[in-house]
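Throughout, read-outs are computed from the coordinates displayed, never taken from laboratory work. Only a predicted model underlies this, so the values are computations on that prediction, with no experimental measurement involved. A quick note on method: Cβ atoms are made from the backbone with ideal geometry, for glycine too, and the neighbour counts reach across all protein chains shown.
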Amino acid sequence: MLYAALKTLHLLAIIVWVGGMVFAHFFLRPALPVFEPAVRVRLMHAVLGRFFGAVLVAMVVTLVTGLWMIGNVAKQVVQGGGHFSMPLEWTVMATLGIVMMLIFGHIRFALYKRLSRAVQAADWPAGAAALAKIRVSVLVNLGLGLLIVLVTLLGVPR
């Protein structure tokens, strides 16, 4: 029961993170050109600030639940007299998940900071440049997130 609850939390956190990236990249961003640059940059700053707060929570939930589930399975195998060897899919998922977390850290604590400074200074070209860099990093993270989903569901060819 606990394993199922933690797995559900794990998946919901990933849905928030990956789903939010899909929404921001494919729906919100393309709708913004109807606004003038100052409105676009301020709106994205406000939206991303809220989203990045949610991603921080989702990231912690994903990491804690993922580590607990791996540790629980390893413990059960060892207690049953076996030797735990993490499946390749889990290794790929964990490794790419950590890479995503590192990329998100760069987005949140470096690129978003640049965006915040630009908004405070009303420097809309600098804000647009920061958003362009955030967009590229989010697109990379989205690709990694989708790759993790595919590897988890379909496995790794051997």
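Look at R114, R40, R50 and count the other Cβ atoms within 10 Å of each Cβ; fewest to most, that gives R50, R114, R40. Placing unit charges on the Cβ atoms of the charged side chains and taking the dipole of the chain about its Cα centre, the candidate lying farthest along the positive direction among V92, A132, L115 is L115.
Axis of helix 124-154 versus longest Cα principal axis of the chain: the two differ by about 20°, to the nearest ten degrees.
Kirkwood hydrodynamic radius of the range 2-154, from the reciprocal of the average inverse Cα-Cα distance over all distinct pairs: 16.9 Å. Projected label points at E36 and L63, each 7 Å from Cα along the beta carbon direction, are separated by 4.2 nanometres. Under 30 Å between alpha carbons, and skipping anything fewer than 8 positions from K113 in its own chain: which lysines qualify? K113 reaches K133.
Label zone (L12, point 7 Å along Cα-to-C-beta; backbone nitrogen cut-off 19 Å) within the range 25-60: 51-60. Taking Cα atoms only, the orientation of helix 2-23 departs from the longest principal axis of the chain by about 30 degrees. Annotation: extensible slack from A122 through F27 equals 31.7 nm (criterion: 0.36 nm per residue apart, minus Cα-Cα distance). Each helix, a run of at least 4 DSSP H residues, gives -39500 (n - 2.57); summed and divided by the residues of the chain, these come to -28000 deg cm²/dmol at 222 nm.
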